[in-house]
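J.: The structure that follows is given in the form of C-alpha cells.
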Amino acid sequence: MMETRNDEVVRDAGTSCAETTLKSAVWFLTFNCNYRCPYCWEVQRMERGEFKPEPYVDSARWVEAWNRLCPDVLDISGGEPWLQPGFIDMLEAFDDRIRIAITTNASHDLTEFVQRISPEKVFSMTLSYHPSQRMNPEFFLGKCLLLKKRGFHITVNFVTWPEQMWLLPRVKKMFESNGVRFHVDPYAATPYKKYEFFQREMDFIRYYVGDDRAHWFGGVDTTPVLCSGGMTHLNVQPNGDAFRCINDKILDKPMVGNILDENFRLNDRWTHCAEFHRCPGCDKDKVQVRKLESPEQEKTSEPLSYTL
C-alpha cells in the first residue's frame, strides 16, 4: 500500500533554483540505520555509547534548502535514507534540475518508489549488499532487477570485511551475470575493529578493486592541493552542517556553514588541503583539485581542473 503524500512537502517544492557554483553535494540524510553491520563505524561507536544519531529534520526544510542551493548532483546517503519520514514525497518535491543519486541497503519496499519516481530524477542508485544482515541474496538480486528493468542505473556495492571478502568471486558473478554493475570498497579499518590484512589477502582484494579505490593499497601522492570543496562541492550532515568533505568533519575543521540557514553562502574560492590523499571516495570522486608544488602557488585560487 502506498503511503499518504505529505502535502506540506509538496507545497514547498515551489522554491526555485538559484544561480550557484555548487556542482555536487554528498548528503548524509540520517545516520539512523535498520542494519547493524559489524564493519560500520556508526554501529561500532553506538555500541560504545560514543554516538547517537541526530533527530530527523522535517523534510519540508530540506526541500527548501536544496531547491535554494540547487546542486547539479545531490548524492543522498546515510545511515539508511529510506528511514527519513516522507522520503519519497521529499524526492518528488526536489526541483527537477537537481539530479539525484541514492545509496541504500534496499531493505525497504521499493514498489512505491518505482511507480512514483522516474529514472530521470534519480539517475543513479547504489545498493549496498551486506551478507551479514538478514536479506537473502536472491531477494536482494530481485530488488536490483526490479530497479534495472524500470530503467534505473544501479550499482551494487560490497565491502571487503574479512569475514565476507572471500565471497567476492561468487557475489561478483551473481550480480554481473544478471547485468548489474558491481563495485568493491576495501574495508577501512577503524580503531574499534582493527584488522591487518596479510599480503595474500591484499593481493586477492586488489584484483576486484577499481582505480577509484586504488589508494587503499598505498603509494599515494601526498602533495597538498587547492580543492574546490566548499565552493563547487559540499558534504552535508544530518543537521545541515556543511563541510568541504567528510574529512573536515572527522578532523574537526571549520565548516562552511549550515544549509538550513537561509543566509548560507558557499566559499568563493578554492582552499588549501593537505589531506587529499586520505579523502574518502564519496567526496574525492566529485571535487576538483590542483597540486601545490610550491607555497607561492597557494596564492592563486582560480578554478583550474587537475586530474590525478
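J.: I need the full set of residues from segment 128-152 which are of a type in the set (S, T, N, Q) and either within 25 Å of Ile98 (Cα to Cα) or assigned to a helix (DSSP H, G or I) (or both), in order please.
T.: Ser128
J.: Quickly run through segment 131-163 and pick out the residues that are surrounded by fewer than 19 Cβ atoms within 10 Å (Cβ to Cβ) and in contact with a Pro (Cβ under 9 Å, 6 or more places away or on another chain).
T.: Answer for segment 131-163, where residues must be surrounded by fewer than 19 Cβ atoms within 10 Å (Cβ to Cβ) and in contact with a Pro (Cβ under 9 Å, 6 or more places away or on another chain): Pro131, Ser132, Pro137, Arg150, Gly151, His153, Glu163.
J.: Output the residues belonging to segment 116-158 that are within 15 Å of the chain's Cα centre (by Cα), more than 17 Å from Lys173 (Cα to Cα) and either at pLDDT below 95 or hydrophobic (A, V, I, L, M, F, W, C) (or both).
T.: Matches in segment 116-158: Val122, Phe123, Met125.
J.: Is it fair to say Gly179 is out of contact with any helix residue (DSSP H, G or I) (no Cβ under 9 Å at 6 or more places or on another chain), surrounded by fewer than 17 Cβ atoms within 10 Å (Cβ to Cβ) and not basic (Lys, Arg)?
T.: no
J.: Let me ask you something else. Please go through segment 247-281 and pick out each residue that is touching a Cys at 6+ places or on another chain (Cβ under 7 Å) and surrounded by fewer than 19 Cβ atoms within 10 Å (Cβ to Cβ).
T.: Selection gives Thr271 alone.
J.: Then there is this: Just checking, which of Lys249, Lys193 is basic (Lys, Arg) and in contact with a strand residue (DSSP E or B) (Cβ under 9 Å, 6 or more places away or on another chain)?
T.: Unique residue meeting the criteria: Lys249.
J.: If you scan segment 61-78, which residues turn out to be buried (at least 20 other Cβ atoms within 10 Å of the Cβ), of a type outside the set (A, V, I, L, M, F, W, C) and either over 29 Å from Arg36 (Cα atoms) or in contact with an Asp or Glu (Cβ under 7 Å, 6 or more places away or on another chain) (or both)?
T.: Correct list: Glu64, Asn67, Pro71.
J.: Name the residues in segment 110-127 that are more than 17 Å from Asn178 (Cβ to Cβ) and either in contact with a helix residue (DSSP H, G or I) (Cβ under 9 Å, 6 or more places away or on another chain) or part of a strand (DSSP E or B) (or both), would you? Show your work before the answer.
T.: The initial filter retains those residues of segment 110-127 that are more than 17 Å from Asn178 (Cβ to Cβ), namely 111-124.
If the condition is that a residue be more than 17 Å from Asn178 (Cβ to Cβ) and either in contact with a helix residue (DSSP H, G or I) (Cβ under 9 Å, 6 or more places away or on another chain) or part of a strand (DSSP E or B) (or both), then Thr111, Glu112, Phe113, Val114, Arg116, Ile117, Pro119, Lys121, Val122, Phe123, Ser124 are the ones that fit.
J.: Given the structure, is Pro169 loosely packed, with under 12 Cβ neighbours inside 10 Å, more than 20 Å from the chain's Cα centre (by Cα) and modelled with pLDDT under 90?
T.: Spelling it out, it is not the case that Pro169 is loosely packed, with under 12 Cβ neighbours inside 10 Å, more than 20 Å from the chain's Cα centre (by Cα) and modelled with pLDDT under 90.
J.: How many of the residues making up segment 87-108 are of a type in the set (Phe, Trp, Tyr) and without any contact (Cβ under 8 Å) to a residue 60 or more places away in the chain?
T.: 1
J.: Also, I was wondering about something else. Does Asp211 fit the bill of being among the acidic types (Asp, Glu) and either modelled with pLDDT of 95 or more or in contact with a His (Cβ under 9 Å, 6 or more places away or on another chain) (or both)?
T.: For Asp211, the condition - among the acidic types (Asp, Glu) and either modelled with pLDDT of 95 or more or in contact with a His (Cβ under 9 Å, 6 or more places away or on another chain) (or both) - is not met.
J.: Condition first: assigned to a loop (DSSP other than H, G, I, E, B) and modelled with pLDDT of 95 or more. Now tell me which residues in segment 174-196 satisfy that. Break it down into steps so the answer makes sense when it comes.
T.: Within segment 174-196, the first condition is being assigned to a loop (DSSP other than H, G, I, E, B), and the residues that meet it are 177-180, 186-196.
Across segment 174-196, the qualifying residues are Ser177, Asn178, Gly179, Val180.
For every residue, the table says whether it meets (1) touching a Phe, Trp or Tyr at 6+ places or on another chain (Cβ under 9 Å); (2) within 22 Å of Cys282 (Cβ to Cβ); (3) part of a helix (DSSP H, G or I).
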position: Leu167; (1), (2), (3): yes, no, yes
position: Lys172; (1), (2), (3): yes, yes, yes
position: Arg213; (1), (2), (3): no, yes, yes
position: Asp221; (1), (2), (3): yes, yes, no
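J.: Residue pairs, Cβ under 9 Å, 6 or more apart or interchain, first in segment 278-304 and among the acidic types (Asp, Glu), second part of a helix (DSSP H, G or I) and at pLDDT below 85. List them.
T.: If the second residue must be part of a helix (DSSP H, G or I) and at pLDDT below 85, the pairs left are Asp285/Asp212.
J.: Working carefully through the options Asn235, Asn239, Asn247, find the one that is of a type outside the set (D, E, K, R), closer than 21 Å to Gly79 by Cβ and part of a strand (DSSP E or B). Show your work before the answer.
T.: Details: Asn239 fails: part of a strand (DSSP E or B); Asn247 fails: part of a strand (DSSP E or B).
Within the list Asn235, Asn239, Asn247, the selection yields Asn235.
J.: Using beta carbons and a limit of 8 Å, which pairs, at least six apart or on different chains, have the first residue in segment 109-125 and closer than 13 Å to His153 by Cα and the second one among the polar types (S, T, N, Q)?
T.: Sorted first by the residue in segment 109-125, then by its partner, the pairs are Ser124/Thr155; Met125/Thr103; Met125/Thr104; Met125/Thr155.
J.: Right, here's the next one. When both residues are 6+ apart or on different chains and their Cβ atoms are under 6 Å apart, which pairs have a first residue that lies in segment 21-39 and is in contact (Cβ under 8 Å) with a residue 24 or more places away in the chain, and a second that is assigned to a loop (DSSP other than H, G, I, E, B) and among the β-branched types (Val, Ile, Thr)?
T.: So the pair list comes out as Thr21/Thr232; Lys23/Thr232.
The values are calculated or read from the model by the stated rules, or taken from the named source; none is laboratory data. Note that the structure is a prediction, hence the values are computed from the model and not measured. Neighbour counts run over all protein chains shown; Cβ positions are idealised from the backbone, glycine included.
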